[in-house]
Amino acid sequence: MNRFFSRGKRGEDSADKPAAADEKPAGGGLFARLSRTREGLFGGISTLFRGNNVLDESALEEIEDQLLVADAGVAVSTRIVDHLREQVRKRRISDPDALRDSLGTVLADLLLPCEAAPLEFPGDRPLVIMMVGVNGVGKTTTLAKLAAGYRDSGHRVMLAACDTFRAAAIEQLQNWGERLGVPVIAQSHGADAAAVAFDAYEAARARKTDVLLVDTAGRQHTHGDLMEQLRKVKRVLGKADPAVPDEVWLTVDAGNGQNVLSQVDQFHQAVNLTGLCVTKLDGTAKGGVILALAEKHGLPIRYLGTGESAADLRPFVAREFVEALLPPADSQGAATG
Ligand SMILES: Nc1nc2c(ncn2[C@@H]2O[C@H](COP(=O)(O)OP(=O)(O)O)[C@@H](O)[C@H]2O)c(=O)[nH]1
Ligand SMILES: [Mg+2]
């Protein structure tokens, strides 16, 4: 069974289902991929206790500082440490493992509302996911990864090359399509993005495609032009079927830290987002920004990007993400054979 997408007939299955806990991700464990963020965030927890049997205020302040450095933001860092302080007092926490557990619970409570409900296939038409986001964040790559996942779970997938602003963007998607054996609907550089989207939807419907993934531009001549174009793509798709696009996802680069919050604001205002994909968690120490996203927006987090290859995509599972953020339970002095 594919990790991301359950197999089944059109209309009967859900379009994404997290992996069974015992399935190893193809692109290396999330724990390994989040090492930089984890070390930045909580690498120091065990040392907080060194020569100090009581978890005191200065230790809590240190955790707060680490959260800020990992770009969790002031509001969420304060909130997490306030909860933790309360736990420490109530449960008289005085050892690293108990602190780790409490921290895990506080973080999971924060992130759980961002776990997305499984997507459903409409059954009588393609499911349409439109991807938006600023230039270079990983929209095209994330769509290619999604295409690979759907293909591997036996679904018919199609890609729409609606970033017509740059010739290289069309080529990039076509290259992915060739590599994955997935059809790409494209027109020439400079073509009307909304027209490409409309054609792609018609083609997807005619070919009984299960999922149409719509790539879009991250840059136009001005910011206003970009938002207007995205609104138009959405509107024109809606003429084919008022329920389309089913999903509008914003891709953000975790390495952009707190800047992603204003990106969410701007795109949400323009095209009414239904979900987020957070990329490049493998290369950054700023993965704490997911905590800030959860606190501020509460939009569903669909997928995490953890590398450049087709396998480096994981559905967001709050508890799994928290486990990957925290230092391993046995790394803090427990004797292991
Ligand atoms: N390390 C890493 N690189 C990524 C990830 N996602 C995308 N990239 C890289 O980021 C760059 C920009 O990606 P692209 O999909 O073209 O961004 P777009 O402009 O938003 O479409 C490419 O070099 C991708 O290989 C990720 O999760 N991790
Ligand atoms: Mg692109």
For the range 249-277, the count of residues that are more than 16 Å from ligand 2 (Cβ to nearest atom) and assigned to a strand (DSSP E or B) equals 2
If you go through the range 186-198 one residue at a time, do you hit one that is part of a loop (DSSP other than H, G, I, E, B) and aliphatic (A, V, I, L, M)? yes
Lone qualifier among ALA310, ALA294 - being in the same structural domain as ALA197 (by TED's automatic domain parsing), under 16 Å from the mean Cα position of the chain (by Cα) and away from ligand 2 (no atom under 16 Å from the Cβ): ALA294
Return the total of residues in the range 199-232 being hydrophobic (A, V, I, L, M, F, W, C), more than 16 Å from ligand 1 (Cβ to nearest atom) and surrounded by 19 or more Cβ atoms within 10 Å (Cβ to Cβ). 4
GLU171 fails exactly one of (1) more than 27 Å from PRO242 (Cα to Cα); (2) touching a strand residue (DSSP E or B) at 6+ places or on another chain (Cβ under 6 Å), namely (2)
Which residues, counting only those in the range 292-306, are buried (at least 19 other Cβ atoms within 10 Å of the Cβ) and either in contact with a Ser or Thr (Cβ under 7 Å, 6 or more places away or on another chain) or not aliphatic (A, V, I, L, M) (or both)? GLU295, ARG302, TYR303, GLY305, THR306
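Of all residues in the range 206-240 being among the polar types (S, T, N, Q) and modelled with pLDDT under 95, which is farthest from ligand 2 (Cβ to nearest atom)?
Narrowing the range 206-240 to residues among the polar types (S, T, N, Q): 209, 216, 220, 222, 229.
Applying the additional criterion that residues be modelled with pLDDT under 95 yields 220, 222.
Values: GLN220: 13, THR222: 18 Å.
Out of the qualifying residues, it is THR222.
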Residue in the range 164-173 that is closer than 30 Å to GLY287 by Cα, within 21 Å of the chain's Cα centre (by Cα) and basic (Lys, Arg) present: no
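Okay, residues lined up against (1) touching a residue at least 12 places away in the same chain (Cβ under 8 Å); (2) in contact with a helix residue (DSSP H, G or I) (Cβ under 6 Å, 6 or more places away or on another chain); (3) not basic (Lys, Arg):
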position	(1), (2), (3)
PRO183	yes, no, yes
ARG205	yes, no, no
LYS208	yes, no, no
ASP225	no, no, yes
VAL244	yes, yes, yes
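The values are calculated or read from the model by the stated rules, or taken from the named source; none is laboratory data. Remember, predicted model here, so these are calculated numbers, not experimental data. So basically every Cβ, Gly included, is an ideal-geometry build from the backbone, and we count neighbours across all protein chains shown.
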